[in-house]
1. Can you give the charge dipole size of the stretch A:2-88 about its Cα centre, rounded to the nearest 20 debye, using +1 on the beta carbon of Lys and Arg and -1 on the beta carbon of Asp and Glu?
2. Could you compute Rg(Cα) / (2.2 N^0.38 Å) for the protein assembly as shown, with N its residue count?
3. Taking Rh as the Kirkwood radius computed over C-alpha pairs, what is the Stokes-Einstein D of the stretch B:6-94 at 25 °C in a medium of viscosity 0.890 mPa s, expressed in µm² per second?
4. Which residues in the stretch A:41-70 place their backbone N less than 17 Å from a point set 7 Å from the Cα of B:F83 along the Cα-to-Cβ direction?
5. Can you give the average number of partner chain beta-carbon atoms within 10 Å of each beta-carbon in peptide B:44-56, as a whole number?
6. Between the alpha-carbon centers of the stretch B:8-26 and the stretch A:11-78, tell me the distance in whole angstrom.
7. Can you tell which of A:V4, A:Y45, A:M87 lies farthest toward the positive end of the dipole of chain A, using +1 and -1 charges on the Cβ of basic and acidic side chains (Lys, Arg; Asp, Glu)?
8. With each run of n ≥ 4 DSSP H residues scored as -39500 (n - 2.57), what mean residue ellipticity at 222 nm is computed for chain A after dividing by its residue count and rounding to the nearest 500 deg cm²/dmol?
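Derivation of every value follows stated rules applied to the coordinates shown; laboratory data play no part. As the structure is a computational prediction, the values presented were derived from the model and not from experiment. Don't worry about glycine lacking a Cβ; one is built from the backbone with ideal geometry, like all the others, and counts go over all protein chains shown.
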Amino acid sequence: MSAVILLTAISIAQLLIALAMAIASVRMFRGPRAQDRIIGLDTLYINAMLMLVTFGIGTGSTIYFEAALVIGMLGFVATVALAKFLMRGEVIE
Amino acid sequence: MIQPVSDLPLWAAMVVAAFLIFGSALALIGAIGFLRLPTFYERLHAPTLGTSWGVGGIMLASMVYFSVSSSRPVLHEILIGLFVTVTTPITFMLLARAALHRDRAESNGNVPEKHQHDLEDVEAIQGNAEEN
């Protein structure tokens, strides 16, 4: 019984997160200006991180946690670098 | 040792399922708002739903699941939650300032101009820096 509940919830959660990723990538490809595309990318990687954690719950292995942590940190650095580029025209002055 | 999914007690399964669906639904609502809101400065607010309680709900689900299935407290998901909570305002404020800078430089949209007293503050700070 608990397995059925868990597997159903994991499937629903993965479906919702995949929809969120699709919507974020729609905004990333369509976005009128560069800042919209950057926020689309930001939303996309946050949702990818959440998807990895749900995979970790589904398989019961902790290796997905480390992948999610790395995605979070790299995504933060990437978004800050892109914002700096929009602001100043170069990343490292 | 991690046990297979079927050995989890019923209450733990229900708690994990509730947190999973709560978090992923918030992430989806944030993404929909991000697609539908009209201007950039409004769109900036929507994805924070996903990065605050979306991340929080799924990390809580993961913490409860691994704590119950390995019968010891597993709290390392707090790391991701804290990290995302701290970094999201930084990135979004940087992006908003970059967008404001671009809109002012191209003078499009009805973006507020820089106030005169802001400029005076900047000059005062620069004057102090030069004196020191």
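1. Rounded to the nearest 20 debye, it is 420 debye.
2. Ratio of Rg to 2.2 N^0.38 Å for the protein assembly as shown: 1.21.
3. In µm²/s, the coefficient is 174.
4. Flagged as within label range: A:42-57, A:62-70.
5. The shielding value for this peptide is 3.
6. 20 Å
7. Going by the charge dipole, the pick is A:M87.
8. Theoretical 222 nm ellipticity from helices: -31000 deg cm²/dmol.
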